[in-house]
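To start, the structure under review is shown below, and the notes come after it.
The values are calculated or read from the model by the stated rules, or taken from the named source; none is laboratory data. Nothing here was measured: the structure is a model prediction, and the numbers come from that model. Every residue, glycine as well, gets a Cβ built from its backbone with ideal geometry; the counts of neighbours run over all protein chains shown.
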Protein chains: 2
Amino acid sequence: MNDLTQTPEMIIGGMGARARNAAAILARTSSEDKAKALIAAAGALRDATTKIILANRKDMERGAANGLTSAMLDRLRLDEARIAGIADAVEQVASLPDPVGAVIDETQRPNGMKLQRVRVPLGVIGIIYESRPNVTADAAALGLRSGNAVILRGGSEAVESNRAIHAAMVAGIVESGLPADAVQLVPSTDRALVGAMLRANGLIDIIVPRGGKSLVARVQEEARVPVLAHLDGICHTYVHAAADAAMAREIVLNAKMRRTGICGAMETLLIDKGFAHPEMLVAALLDARCEVRGDAAVKALDDRVEPAQEADWDTEYLDSIVTAGLVDGVDEALAHIAAHGSHHTDAIVTADAATAEHFLQACDSAIVMWNASSQFADGGEFGLGAEIGISTGRMHARGPVALEGLTTYKWVVRGAGQTRP
Amino acid sequence: MNDLTQTPEMIIGGMGARARNAAAILARTSSEDKAKALIAAAGALRDATTKIILANRKDMERGAANGLTSAMLDRLRLDEARIAGIADAVEQVASLPDPVGAVIDETQRPNGMKLQRVRVPLGVIGIIYESRPNVTADAAALGLRSGNAVILRGGSEAVESNRAIHAAMVAGIVESGLPADAVQLVPSTDRALVGAMLRANGLIDIIVPRGGKSLVARVQEEARVPVLAHLDGICHTYVHAAADAAMAREIVLNAKMRRTGICGAMETLLIDKGFAHPEMLVAALLDARCEVRGDAAVKALDDRVEPAQEADWDTEYLDSIVTAGLVDGVDEALAHIAAHGSHHTDAIVTADAATAEHFLQACDSAIVMWNASSQFADGGEFGLGAEIGISTGRMHARGPVALEGLTTYKWVVRGAGQTRP
């Protein structure tokens, strides 16, 4: 399997063929048996705690020697508590409702033929991810719960940790009677293997990149396999003239400052010219140590505001910085979002229901919100249990993607000898 | 718009931007107003009958001079009855239920936030098609009914006919108050414009190729925009040991011979070794003037059988030819279909319900059938009203794709000031 004379295409081709065979078995494995396999995998992860920590220590040492930042090292670090958390998360996925086999709709034709659309797994899912080794377990669990085989390609910083986590999970899966090829880890971190995955049309049904912007951009640019991802989360909050001032303040502060590094964090604040207290919103952000880059009108509200440059309106800071501007009515806000947004999550704050409904309909984003913080843009917060990612594409699945997004359907026709006239 | 100094990218870029603007209007146009526009378009098509026939005559004359076959000329020909049929089809699409605005599911979170997934149009649909000019009207109607803007690129043989049909439809659409850019026709049949459409990521949301294999293959190979299509329809019928012999005969004859040129036509017949009358099925096909290419066992059943070559098992004949072989049980049939099928439509004939259900679950095709002719693989026959195409891909929509397949959804969140803890 690690034969170095193989080309990247041969390695991924072989993994893809084995994954397809495993997927055929997983597709007809009962919900109970898939859950049992995940519970066994979680147990195996707990049993392997020491091994995983030792493997992780090698990654940490190499990372420190290679000059990783302390933030990167913290993302990479595994300890007993974190491994227990990873195992818990796998068990939680085991408890989620299985989407496979659900009848989406059914009908009987005038000639008596019965038609159903039945949910089935997508097939083979490729996950390409960076430093956090917990993705190894999360992605494997979501894939297996929804009956898919998974091909994982983790980052080079976490190679030992990923191998140890993968080995433990496969031991649990095999112990429960399911195929080892249900979850495969790409054998080396050679970047050419990523390229081969991205071109593995027909072998891999969907690629999910999990990581920073440069990874997602490369995947979206090179992939011939369908990709489920978002590149940017340039999320707007529009405070309408009829917004309750106290509510607007709470939502704006939370949307920006609760966690600045997540994709649902507000990056641009649009305040209606008719809103009575724009200076209060701007001061609240500044007082919370958020840098505010404003247009001329916002700059006039507070000395501490910096002037916004043209590029600021199209920037995802993922930091304590916000771009802010005044707009003249909901349609100007919508036009700004259409021109500068990334179709991720955009929100309106208003007490006026008609304006809110107009915004919710006209704003063309995966998630549109009324009187809520954009930081809620998350599969867990939406009640989906866990998410494989958030999609800003328009095909297949949009917004937070969880188990249902990892399925497709087939048409099942039951007849009694019907022929077409 | 026809400025010849423009590059293909500039032409498609301009059309895409205009389409996006039109799509924003269509997305919030009521179901009634979209229906009215289509009824106006149908009326305009009828009013333009003479103009369309004159335009079509130019295409026919050029086609005859260029040596088109009589079958191709017949597909190209428009007369009063065919134009009336095209207008009727547009009216029929107007009467179909509008998928836009439907609430797919809804939930309330413990914090009181209300979540809905609401159907919205995909946005901008590109249709690339060949000789039949009726596609101009069909695709425009399906796109507009589901709130999408459409960019049409027809074949050079039908260029005058397509322009006349397009002009009439746009006149009807504009008369009813909707934007002319709702339905655009690519201004020239320069092949570079097809390439520009296929690379128009972000401008065109989905490409649907309608035509022969070489067109679909080029589109699937070159496209960076998601494609909804099937390349092959290598459909199998498996006659199980427990099949009723008379029913099997009717289904096999219908699946192969009703119309041999459609994608749902049977191309391979698999007969179980335990089926009592394989020679009867083979003779029935031969007597119906179908060429049978068989494996050794089938060849032994009837002198008229030709030997099947290796490539025959992977061939979509679209003609009065069938490949036939004996198999040992349902799992051998499933393995053959997995190895040689195209994931389009595959059927089992049997009186044994347990075997049928096993086949329906294990066969990984867009459409799986029990005791019915594969010729039913069609959106109209499935009760969808009309179809834009049949998809053998696994993402987004599978099998016959009609109005619902031309939509996506957005998450609508209604709160009362919730912030994330």
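Just a few scattered comments:
- Residue that is farthest from the other protein chains (Cβ to nearest Cβ), among those in the range B:250-260 that are among the hydrophobic types (A, V, I, L, M, F, W, C) and crowded, with 23+ Cβ neighbours inside 10 Å: B:V252
- In summary, B:V118 fulfils each of the numbered conditions (1) part of a helix (DSSP H, G or I); (2) closer than 24 Å to B:A35 by Cα with the single exception of condition (1).
- Qualifying position, being closer than 20 Å to B:P187 by Cα, of a type in the set (A, V, I, L, M) and exposed (fewer than 15 other Cβ atoms within 10 Å of the Cβ), among B:A17, B:A22: B:A17
- Meets criteria (of a type outside the set (A, V, I, L, M), out of contact with any Gly (no Cβ under 8 Å at 6 or more places or on another chain) and closer than 16 Å to B:G16 by Cβ) for B:N254: no
- You will find that of B:G126, B:G143, B:G147, the residue that is in a loop (DSSP other than H, G, I, E, B), touching a strand residue (DSSP E or B) at 6+ places or on another chain (Cβ under 6 Å) and not hydrophobic (A, V, I, L, M, F, W, C) is B:G147 and no other.
- Conditions (1) over 25 Å from A:V225 (Cα atoms); (2) among the aliphatic types (A, V, I, L, M); (3) more than 23 Å from the chain's Cα centre (by Cα): number failed by B:A339: (1)
- Verdict on A:A17 being in contact with a strand residue (DSSP E or B) (Cβ under 8 Å, 6 or more places away or on another chain) and either within 14 Å of chain B (Cβ to nearest Cβ) or at pLDDT below 95 (or both): no
- Residues being over 18 Å from A:A164 (Cα atoms) and part of a helix (DSSP H, G or I) - total across the range A:23-72: 16
- Residues of the range B:331-355 classified as of a type outside the set (D, E), within 17 Å of B:A245 (Cα to Cα) and surrounded by fewer than 23 Cβ atoms within 10 Å (Cβ to Cβ), total: 3
- Residue selected from the range B:261-307 under the condition free of Cβ contacts under 8 Å to residues at least 60 places away in the same chain and among the acidic types (D, E), by the criterion surrounded by the fewest Cβ atoms within 10 Å (Cβ to Cβ): B:D303
- Residue within the range A:80-91 that is within 14 Å of chain B (Cβ to nearest Cβ) and within 22 Å of A:L228 (Cβ to Cβ) present: no
- Among the residues examined, A:T323 does not qualify as β-branched (V, I, T) and within 27 Å of B:G147 (Cβ to Cβ).
- Residue that is nearest to the other protein chains (Cβ to nearest Cβ) [pool: residues in the range B:380-393 that are in a strand (DSSP E or B) and farther than 18 Å from A:M113 by Cβ]: B:S391
- Residue ID - nearest to A:A377 (Cα to Cα), chosen from residues in the range B:399-413 that are more than 7 Å from every other protein chain (Cβ to nearest Cβ) and in contact with a Gly (Cβ under 7 Å, 6 or more places away or on another chain): B:L406
- Restricting B:Q375, B:Q418, B:Q361 to those that are buried (at least 24 other Cβ atoms within 10 Å of the Cβ) and either in contact with a Pro (Cβ under 6 Å, 6 or more places away or on another chain) or within 9 Å of chain A (Cβ to nearest Cβ) (or both) reduces the list to B:Q375.
- Residues that are more than 9 Å from chain B (Cβ to nearest Cβ) and part of a loop (DSSP other than H, G, I, E, B) within the range A:235-249 comprise A:H240, A:A241, A:A242, A:A243, listed in sequence order.
- Residues of the range A:199-253 that are in contact with a Lys or Arg (Cβ under 6 Å, 6 or more places away or on another chain) and more than 23 Å from A:E130 (Cβ to Cβ): A:N201 alone.
- A:L122 vs. criteria facing chain B (nearest Cβ under 9 Å), touching a residue at least 60 places away in the same chain (Cβ under 8 Å) and either of a type outside the set (S, T, N, Q) or in contact with an Asp or Glu (Cβ under 9 Å, 6 or more places away or on another chain) (or both): yes
- Taken over the range B:358-379, the residue count meeting the criterion of being in a helix (DSSP H, G or I) and either without any contact (Cβ under 8 Å) to a residue 12 or more places away in the chain or of a type in the set (V, I, T) (or both) is 1.
- Here the range A:165-197 is the region considered, the condition is being of a type in the set (G, A, S) and part of a loop (DSSP other than H, G, I, E, B), and the residue that is nearest to the chain's Cα centre (by Cα) is A:S188.
- Sole exception among (1) farther than 22 Å from A:V183 by Cα; (2) surrounded by 14 or more Cβ atoms within 10 Å (Cβ to Cβ); (3) within 14 Å of another protein chain (Cβ to nearest Cβ) for A:V100, by number: (1)
- Condition check for A:H396: surrounded by fewer than 24 Cβ atoms within 10 Å (Cβ to Cβ) and more than 10 Å from every other protein chain (Cβ to nearest Cβ): no
- Within the range B:138-160, not a single residue is within 14 Å of chain A (Cβ to nearest Cβ), within 30 Å of A:S365 (Cβ to Cβ) and charged (D, E, K, R).
- Taken over the range B:198-223, the residue count meeting the criterion of being of a type in the set (D, E, K, R), farther than 27 Å from B:L318 by Cα and under 20 Å from the mean Cα position of the chain (by Cα) is 1.
- A:T407 vs. criteria under 25 Å from the mean Cα position of the chain (by Cα), closer than 30 Å to A:A27 by Cβ and modelled with pLDDT of 95 or more: yes
- Selected residue (criterion: surrounded by the fewest Cβ atoms within 10 Å (Cβ to Cβ)) from residues of the range B:136-188 that are hydroxyl-bearing (S, T, Y) and in contact (Cβ under 8 Å) with a residue 40 or more places away in the chain: B:S188
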